[in-house]
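What follows is a single structure, written as structure tokens, with notes after it.
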2 protein chains.
Amino acid sequence: MSKSNQGVLIFALGGVGEIGKNMYVIQSDEDIVVIDAGLKFPEEEMLGIDMVIPDITYLEENREKVRGIIITHGHEDHIGGLSFFLKHLNVPVYATKLTLGLIEAKLKEAGILNETKRVLINSDSEITLGQMRATFFRVNHSIPDCVGVCLETPEGYIVHTGDFKFDQTPINNQYADIAKMAEIGDRGVLALLSDSTNAERPGFTGSERSVGAAIKDVFSKAPGRIVVSTFASNVHRIQQVVDAAVEFNRKITIIGRSMVNVVQISKDLGYLHAPDGIFLEPDEINKLPAEQVVILSTGSQGETMSALTRMARSAHRKMDILPGDTVIIAATPIPGNEKFVSRTVDQLYRIGADVIYGSSVHVSGHGSQEELRLMLNLMKPKYFIPIHGEYRMLRMHGILAEQVGVPAENIFLLDNGDTVEITGGKARYGPKVHSGNVLIDGLGVGDVGNIVLRDRKLLSQDGILVVVVTLSKQNGTILSGPDIISRGFVYVRESEELLDEANRLVTQTLTKCMEENVNEWSSLKNSVKDALGRYLYEQTRRRPMILPIIMEV
Amino acid sequence: MSKSNQGVLIFALGGVGEIGKNMYVIQSDEDIVVIDAGLKFPEEEMLGIDMVIPDITYLEENREKVRGIIITHGHEDHIGGLSFFLKHLNVPVYATKLTLGLIEAKLKEAGILNETKRVLINSDSEITLGQMRATFFRVNHSIPDCVGVCLETPEGYIVHTGDFKFDQTPINNQYADIAKMAEIGDRGVLALLSDSTNAERPGFTGSERSVGAAIKDVFSKAPGRIVVSTFASNVHRIQQVVDAAVEFNRKITIIGRSMVNVVQISKDLGYLHAPDGIFLEPDEINKLPAEQVVILSTGSQGETMSALTRMARSAHRKMDILPGDTVIIAATPIPGNEKFVSRTVDQLYRIGADVIYGSSVHVSGHGSQEELRLMLNLMKPKYFIPIHGEYRMLRMHGILAEQVGVPAENIFLLDNGDTVEITGGKARYGPKVHSGNVLIDGLGVGDVGNIVLRDRKLLSQDGILVVVVTLSKQNGTILSGPDIISRGFVYVRESEELLDEANRLVTQTLTKCMEENVNEWSSLKNSVKDALGRYLYEQTRRRPMILPIIMEV
């Protein structure tokens, strides 16, 4: 390993101070290596936004240095921003087999599959990225084929754990490479970037296998059809559903596009083992007796348009939930989705289905405090940068690091864009780099920002009133209108008096302006807006958006 | 007790299949007794709505029978709809002292204090309501002075528990009247209506006193100022904060209007015991050393405009959170508020405050499964109607009732408006009565409904485009426009091309209509809407609301 005093910069363009849109960057004088390119689901106040991805302006400005992007695993918060990234920075993508399978489906959809250089890696790979060299170690998580990254930089080894837990009884015997991690630690780790998602949770996270046992228990007792809803990407869990179906002589049908896709890809790539003929189309499975049926579906988050929710509302084209069905919701709600999941559970009970949900049929994919301490003890890093979590999680992860002996001054809590600069083995906060949210709404990328969102918020609260008047070019008299059209404000039929009075007020305001020779349009419009706004607020305590439109002919 | 075959009807106008807007009705041939008149906070899809209260059309149609309304306790989900109710049905209100104090503040605000007949009751009162007679029993809950109701009807005793738990070490020695409940049960209960909020939670709910111990523990260690945020109405918890402040020689200032109100009312009525001079104004307390300061505030739900959230954002007029402060959030998030609370916690940590939150500093006010079973065993009801809860909670409460011996066919799971009819001691489902949500938006009551909400939803997703054209009356040519104004759709500066093309498209569509002699306005407008909608969806995958306005001069 070449040691020098060039210095290394470590920062996140997404993933710290938030859950989602993970993107971490390690930069030496000559080279930039990017790890992950995820998306985030919009916050409540991002009305109408479909998803959020990292702003990569900084990388575009330094494009000649970017040697490649390493993807640690195939979850949306790690690959969901990759197409956008690659459209702007056509660099090689390094990923394991299943991850690459999932990525390729995305690149195909985005129409950039062929022009993208994809490099298949496994946990034994060594890749060269300019002056830097990356090796990998296998970790456990809620999707197969996850790796952590050990990056040899001019300053020393920098380790990025990826998302991880330590599962002592993993599905498909995908054991975590503990020995390799220990070896890396013994060689000396300059800085560790480690997953903080469950830093607030004491103890150890349960093994995925415990969910399999709970699922089998339900299968052994369910009198009729069984519906299992889980994250499409949780191939281990899907494997356990398949195993249970085999054991209890049931066939499986899959409902929900993402589930169909993931099952197909993981079967093709050898990550899901299922006997021939176990998967049936919905109309075929409907011919079987109830006790031979499993319905595997998306919708574990109670999303309005998801398969489970639509089946529960009898609004799915191909499948209904029926009285006597047993529904397993094998997932916990992502923060913010609690109410949607509860609603779905209520709906299922109302139909007369039995519902199994909660901690017995789900374990997290992220390690709890003991596992985070174990990782720290294996890696024995000089510097520690907790990543992948809200601020309180990063903070708690920092406390855990202190507890296992990392000095407080060697722990760096970052916001997106904050940098840690390591020169000559010494780390300190460096200059901030540009970072931010790119909002995606439909096909639009970045054409919706704060002003548009503020308008949507206003519109959503009290609606809009459009006031249209046509004035004469000659003498400024009102030729037509004022017409007031409202949407999302009040029931027009119930509020005729209010709107009539509003109309009179606009006429009066305009007439007064004319008399006073106010004829700048912006002044006219503001006068109408102010007078009408004041009146409506007095009468209704609402502040609809008011859009005066004055035409001249 | 007079027995007859007249029959009794039991139903909810709010509170079943939902959390909030509680209103239960017991009706004999001659008389109607109403229990509680609460509000509910709006669901996510009720954009811009401030609150939701029960539709009381049925009671208005039977107004000559309504003998009075009994309020079990002073929480918003039991009194928040009372002013609206009384404006439409001026009947006597029966409530205990603290409850009445809180109600009177509301009635005063609504300007109906003087014309409302208020009757003070305590747990020993007996009141006559037409042919019916009500007695009461004290229960524990997260606000003092709560009662359950035992109503003697022509058919027998009907018991409504109110919100309750069994606290074996209550604050202010407000013990639940277990002996009285047992006595009622021994007399024979025809039907029990019981609080289902925690029916899914095993075991016993902890005592409020355990929170006091946790608070004192924090007080004993906190190096600087202490901020305690909790529900304003939790007078017991506020009492324990006062006690801790006395013990550790701190003074208290109160931030947040509802907290100021409740503290004033409960002090005045003797429910809160505090030494003179312990409460200081914010500017006085700021003169004290940090270790003598307690800030008692609202905002435990992370609500954007609440005291705690504003202090955390340094956006409060009178008080900031400072590094070194210890913040206790003595409440758990109400479902749907989890993310807001997490954000506030993050914000507080970023400031450098220490934050104590979660189950150590909060207990629920509602009994868990063992307490629900205990209530059932005390009352030994012939018929059981679980109330106050989402469907899954009612269902689970029904299962608990079966477990303690109520026959399944004697358990009634109701939706709002469903009735249980008891005649000659036999219960069955009766005719449905009218029920519903009344939405309150600003001063408007009931003037916002599905169409307005649907418009707000549309507006919030993709915004609006207003298209204005002035046509000539003579020959239909375009005199002015088309002008396109958008709000909440795209950044106009970044989308000039799109909007220019949209403009051309409108002109073209209108011209074509004119050529084809289409001159009905609705057809013109629809043509513009369709053409523009299609074009914008193709280009952006968004569906903004399109409002064509055609003027003729």
Problem set entry | For B:Gly533, label point 7 Å along C-beta direction: distances to other copies, nm | 3.1
Exercise. Hey, for A:Phe248 with labels 7 Å out along Cα-Cβ, what do the inter-copy distances come to in nm, ordered shortest first?
Worked result: 5.2
Exercise. With axes computed from alpha carbons, what is the tilt in degrees of helix A:208-221 against the longest principal axis of chain A, rounded to the nearest 10 within 0 to 90?
Worked result: 80
Problem set entry | Cut-off 20 Å (backbone N to label point 7 Å along Cα→Cβ of B:Glu370), residues of region B:398-433 | B:398-405
For this session: Can you check what the net charge comes to around B:Ile112, using other residues whose Cβ is under 13 Å from the Cβ of B:Ile112 (Lys, Arg +1; Asp, Glu -1)?
Result: +2
Exercise. Among A:Gly203, A:Val506, A:Gly367, whose Cα sits farthest toward the positive end of the charge dipole of the protein assembly as shown (+1 at Cβ of Lys/Arg, -1 at Cβ of Asp/Glu, about the Cα centre)?
Worked result: A:Gly203
Exercise. Looking at A:Val93, A:Ile411, A:Val448, which one has the Cα that reaches farthest to the positive end of the dipole of chain A (charges on Cβ: Lys, Arg +1; Asp, Glu -1)?
Worked result: A:Val93
Exercise. If you count the DSSP beta bridges with both ends in the protein assembly as shown, what percent of them are antiparallel, to the nearest 5?
Worked result: 50
Problem set entry | Over 36 Å [Cα-Cα, chain A], rounded percent | 46
Problem set entry | Size of electric dipole in region B:1-129: Cβ of Lys, Arg +1 and of Asp, Glu -1, about Cα centre, debye, nearest 20 | 480
Exercise. Based on the Cβ-Cβ distance from A:Gln264 to B:Thr477, what FRET efficiency comes out when R0 is 60 Å, to the nearest 0.05?
Worked result: 0.55
Exercise. Given the C-alpha centroids of region A:179-214 and region A:49-124, what is the distance between them in whole angstrom?
Worked result: 25
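Which length gain, in nm to one decimal place, applies between A:Asp530 and A:His88 when the Cα-Cα distance is subtracted from 0.36 nm times their residue separation?
154.6 nm
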Problem set entry | Where a label projected 7 Å from the Cα of B:Arg313 along Cα→Cβ would reach, residues of region A:32-57 with amide N under 17 Å | A:43-47
For this session: Measure nothing fancy, just the Cα-based angle from helix A:521-540's long axis to the longest principal axis of chain A, in degrees from 0 to 90, nearest 10.
Result: 80
Exercise. Which longest uninterrupted range of chain B lacks any GluC sites (Glu not before Pro) assigned by DSSP to a loop state (not H, G, I, E or B) and surrounded by at most 13 other Cβ atoms within 10 Å?
Worked result: B:116-515
Problem set entry | Per DSSP, loop trypsin sites (Lys or Arg not before Pro) in region B:250-356 with at most 11 further Cβ within 10 Å | B:Lys287, B:Arg317
Problem set entry | Mean projected area in nm² (Cα convex hull; one quarter of hull surface) for the protein assembly as shown | 49.2
For this session: Sketch the reach of a paramagnetic label on B:Lys287 as a point 7 Å from Cα along Cα-to-Cβ, and name the residues of region B:228-259 whose backbone nitrogen lies under 18 Å away.
Result: B:250-254
Problem set entry | Shielding of B:446-456 by partner chains, average beta-carbon count, 10 Å | 5
Exercise. What pairs in A:Lys106/B:Lys339; A:Lys97/A:Lys267; A:Lys525/B:Lys473 have C-alpha atoms more than 19 Å from each other?
Worked result: A:Lys106/B:Lys339; A:Lys525/B:Lys473
Problem set entry | Unit charges on C-beta of K, R, D, E only; dipole of region B:436-553, Debye | 300
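Magnitude of the Cβ-charge dipole of the protein assembly as shown, K/R +1 and D/E -1, about the Cα centre, nearest 20 debye?
With only Lys, Arg, Asp and Glu charged at Cβ, the dipole is about 560 debye.
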Problem set entry | For region B:1-119, with +1 on Lys and Arg beta carbons and -1 on Asp and Glu, the positive-most of B:Gly20, B:Met46, B:Gly7 along the dipole | B:Gly7
Problem set entry | R0 of 25 Å, Cβ-Cβ distance A:Glu516-A:Arg493: FRET efficiency to nearest 0.05 | 0.10
For this session: Counting only DSSP beta bridges with both residues in region A:450-552, tell me the antiparallel percent, nearest 5.
Result: 45
Exercise. Between B:Asp124 and B:Ser210, what length in nm is gained on full extension when 0.36 nm per residue of separation is reduced by their alpha carbon distance?
Worked result: 28.0 nm
Problem set entry | For chain A, calculated [θ]222 nm from helices alone, where every DSSP H run of n ≥ 4 adds -39500 (n - 2.57) | -10000 deg cm²/dmol
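Every number here is computed from the coordinates shown, using simple stated rules; none is lab data. Computed from a predicted model, the values in this text were never measured in an experiment. Neighbour counts are summed over all protein chains in view; Cβ atoms, including those assigned to glycine, are modelled from backbone coordinates with ideal geometry.
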